[in-house]
C-alpha cells in the first residue's frame with residue numbers, strides 16, 4: 001500500500017520543471033539509552049541500544065510570482081528504515097530484542113510570500129506533515145508481531161526568512177491541528193475535523209541552512 005502512496009505523491013513533483021528538485025540520502029549509526037519501567041511504581045532502569053538508520057529523500061522548492069505576491073511549493077518525501085538493537089542489563093530481566101521501523105514521511109507546504117526585500121521576505125503557509133509507519137518487533141526464536149502507526153498533522157504558519165548570501169534563517173510560528181491517527185487512508189474521511197481544530201497547538205520553530 002505504501003508503494004502506491006509514494007508513487008501518487010511523486011507524480012505531481014516530477015511533472016514540475018526539474019529546477020528546484022533534489023534527491024538526497026543518509027546512512028548513520030547511533031548509540032544511546034532508553035528508560036524502561038521496572039514496576040507499576042516510579043522505578044525505572046536505563047537500557048542501552050544501538051541503531052542504524054537509512055533514509056532517502058526527494059525534495060522540491062519552486063515558486064512563481066503573481067500580482068498578489070509569490071506562491072511557492074515546498075515539499076519533500078522521505079523513506080526511512082531504522083533498526084534498533086536493545087541490550088538489557090542484569091537488572092532488566094528481558095531478552096535482547098530488535099525493533100525495525102519502516103516509515104514513509106511526507107511533508108508539503110504552500111507558501112504565499114506577501115512582502116519581499118532583497119535579503120528577506122515575510123510569508124504565510126498552509127500544509128501538513130505525517131508519518132506512515134510499519135513497526136515490527138522481532139524477538140529471538142519467536143514469531144514476529146507487527147502493527148501500524150500512522151498520523152498526519154495539518155498546520156498553518158507564518159514566518160520570515162532572512163538570507164545572508166547562501167545562508168538562510170527562517171523563524172516561524174505554527175498553528176498545528178491535533179494529530180490525525182489512522183490505520184487506513186479511507187478512515188481520514190470520517191475524522192471530526194472540528195474537534196481537531198479546537199484542540200490546536202501553537203508552536204514556534206526555527207529552520208536554517210545553506211542554499212546551493
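Read the figures in this text as sums done on the coordinates, not as results from a lab. If you're wondering where the values come from, they're calculated on a predicted model, not measured in any experiment. In this analysis, Cβ positions are derived from the backbone assuming ideal geometry, glycine residues included, and neighbour counts consider all displayed protein chains.
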Legend entry - Spin-label pair residue 48/residue 179, simplified geometry with 7 Å Cα→Cβ offset, distance in nm: 3.0
Inset, instruction - Just grab the label-to-label distance for residue 169 and residue 188, each label 7 Å out from Cα along the Cβ direction, in nm (one decimal). - result: 3.6
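FRET efficiency for residue 204 and residue 71, Cβ-Cβ distance as r, R0 = 35 Å, nearest 0.05?
Numbers: r = 24 Å, r/R0 = 0.69.
With R0 = 35 Å, the Cβ-Cβ based efficiency is 0.90.
Looking at the P(r) of segment 155-212, how many percent of alpha-carbon pairs lie beyond 13 Å? Provide the component values of the computation, followed by the final result.
Details: 1128 of 1653 pairs.
Considering segment 155-212, 68 percent of its Cα-Cα pairs are separated by more than 13 Å.
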Legend entry - Two-site label geometry, residue 95 and residue 112: point separation in nm, points 7 Å out along Cα→Cβ: 5.8
Legend entry - For 23, 58, 173, 122, order by how many other beta-carbon atoms lie within 10 Å, fewest first: 23, 173, 122, 58
Inset, instruction - Please report the relative contact order for segment 165-212, taking Cα pairs under 8 Å with a sequence separation of at least 6, and give it as a percent rounded to a whole number. - result: 63
Legend entry - Separation between Cα centres of segment 63-128 and segment 160-212, rounded to whole Å: 9
